[in-house]
Amino acid sequence: MTACGSGRPQQVVHVLGGWTGEGLGGGEQAKFLAMVAPFEQRTGIKVVYEGSRAADSVLADRVAAGNAPDLAVLSSPGKLTQYAKAGQLTPLDGALSLPGLAEQYDPSWLRLGSVNGKQYAVVVKATLKSLLWYSPKALAAHGWRPPASWDELTALDRRIAATGTSPWCIGLEDSSGSGWPGTDWLEDIVLAQSGPEVYDQWTAGSLPWSSPQIRRAWQTWADVVAAAGMVRDGPRGMLLSNFAAVGEPLFTTSPGCYFDHEASFITDDYLKDGPLIEAGRDFDFVPFPQLDPAFSGAREVGADLLAMFRPTAAARDLIAYLSTPEAQSIWVQRGGALSPNRLVTPSSYPDDLSARLGKLLTGASAVRFDASDQMPAAMQSAFSSAVLSYVDDPSRLDALLADLDRVRATAYG
């Protein structure tokens, strides 16, 4: 292929990622292609994108076969560490101004893309997980205010339950791995209750599941999932309801529940519930309730990390562009994603609610990546299974924690 009128071969960058065409507005793939369009027009470089829901497996196979893409989107810092330590990635110091990155990104975000002090990846888009969603109209109808602390939350839960309606909608079902929505709950509780240092020790496998801090997190979650009348349709409803659809009763004329614990990406699913559903009016959020004031402002996040497997000049140019506020703004304008880049302005977001989410993300006192996504596969799977077993029978907590510690003893190698 030649560049138009130049007689020279056109430069091409091959990118592999988990963004597909599913979802509102053509899905994440369409949003990424919109993000790179100005880069292609400006440079003449063509971006060839391959999207797959099984991107982690596809990438592993391609790398093993010696056919890695130029750039790939990694689902967790653990995957990044794995490839970097195997010598399969190129550090980004030749592609990026690291001092410039430090001006735009909090150190917590840069650490997500670093291994042994070297920057191997940049965050293309982020998700904020430490959130409670609610219907402003439903709470206002009773004169109730969204809770700021766990104590306020449990008091309001009891008040709502006394009316005969369960305060919570919780769905733990997901065809790709049921139970993970419950792991998000426990991760938020550990972070808010025991802080980032304990969270890191637990994630890394150096803190037992039977430790007082982790046991206390499960017992705290029991305030919601093990108390009668707190969750719509009880344990059976939690186990059988899909996480993406479980919040629909928030929007009924007579609310079927009042709260839903979901990450920021859930807004796309809420908007699918009907053309009259409006962000900020029909649904809004508060940060995950404070448990210990010492850890106020710590947030759990998810992120897509872009790393370089083949260090071509075109790949370097693209990854440098994707870290800029210009590129990041294009995606967030289309909804469904947040940017950790401090130079992305609130006006870049499609609505006030999204802008407030972006501000909450960049203003976090500390960010920690989803713990289960950083655990070894066997540990991650056991964690999700334990969530389902606990919801079914909370009295089994001691046995479940002992089982998790047995997996922990071998999973981390």
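The values are calculated or read from the model by the stated rules, or taken from the named source; none is laboratory data. Just so it is clear, the model here is predicted, and its values are computed rather than measured. Please note: Cβ atoms are built from the backbone with ideal geometry, for glycine as well, and neighbour counts cover all protein chains shown. Please note that ligands, DNA and RNA were not included when accessible areas were found on the heavy atoms of the full protein model with its side chains. Shrake-Rupley method; radii C 1.70, N 1.55, O 1.52, S 1.80 Å.
Of A378, A313, A141, the residue with the greatest mean-square motion in the GNM of the chain, using alpha carbon springs below 10 Å, is A141.
Express the carbon and sulfur contribution to the solvent-accessible surface of the stretch 13-116 as a percent, rounded to the nearest whole number, probe 1.4 angstrom.
Working: 2280 of 4610 Å².
On the stretch 13-116, the fraction of accessible area on carbon and sulfur atoms equals 50 percent.
Among G78, G336, G302, the largest mean-square fluctuation in a Gaussian network model of the chain (Cα springs under 10 Å) belongs to G78. Counting only heavy atoms of the protein chains and using a 1.4 Å probe, H14 has close to 90 Å² of accessible surface.
Approximating the spin labels as points 7 Å out from Cα along Cα→Cβ, the L276-to-Q213 distance works out to 4.9 nm. Per the 1.4 Å probe, what fraction of the accessible area of the stretch 210-365, in percent, lies on carbon and sulfur atoms? Reported share for carbon and sulfur atoms: 51 percent.
Surface listing: E40, E197, E278 arranged by accessible area from highest to lowest gives E197, E278, E40, probe 1.4 Å. Computed from label points 7 Å out along Cα-Cβ, the spacing between Q82 and R53 is 2.0 nm.
Measuring nothing but how far apart in sequence close Cα pairs (under 8 Å, 6+ apart) lie, relative to its length, the chain scores a relative contact order of 25 percent. Think of the chain as having a plus end and a minus end, set by charges on the Cβ of Lys, Arg, Asp and Glu; of W202, T43, F265, T43 sits farthest toward the positive end of this dipole.
Just to make sure I understand: if all protein chains stay in place, what is the order of R368, R232 by accessible area at 1.4 Å, largest first? Mind dumping the intermediate values first?
On the way: R368 50, R232 100 Å².
Reading off the accessible areas and sorting them downward yields R232, R368.
Toward the positive end of the charge dipole of the stretch 125-186, with +1 on the Cβ of Lys and Arg and -1 on the Cβ of Asp and Glu, the farthest Cα among P136, A155, T165 is that of P136. Accessible area per residue was computed with a 1.4 Å probe on protein heavy atoms; L318 scores about 0 Å².
Over the stretch 24-81, the hull volume per residue, using the convex hull of the C-alpha atoms, is 111 Å³. Extents of the stretch 198-262, largest first, come to 48, 23, 19 Å (Cα atoms, principal axes, whole angstrom). For the chain, the solvent-accessible area with a 1.4 angstrom probe is 41 square angstrom per residue.
Looking at the chain alone, DSSP beta bridges between its own residues are antiparallel in about 55 percent of cases. Sorting S176, S348, S97 by solvent-accessible area of protein heavy atoms yields S176, S97, S348, largest first, with a 1.4 Å probe. The Rg/Rh ratio for the stretch 172-300, using Cα coordinates for both the radius of gyration and the Kirkwood hydrodynamic radius, is 0.99. Using only side-chain charges placed at the Cβ, +1 for Lys and Arg and -1 for Asp and Glu, the dipole size of the stretch 47-157 relative to its Cα centre rounds to 120 debye.
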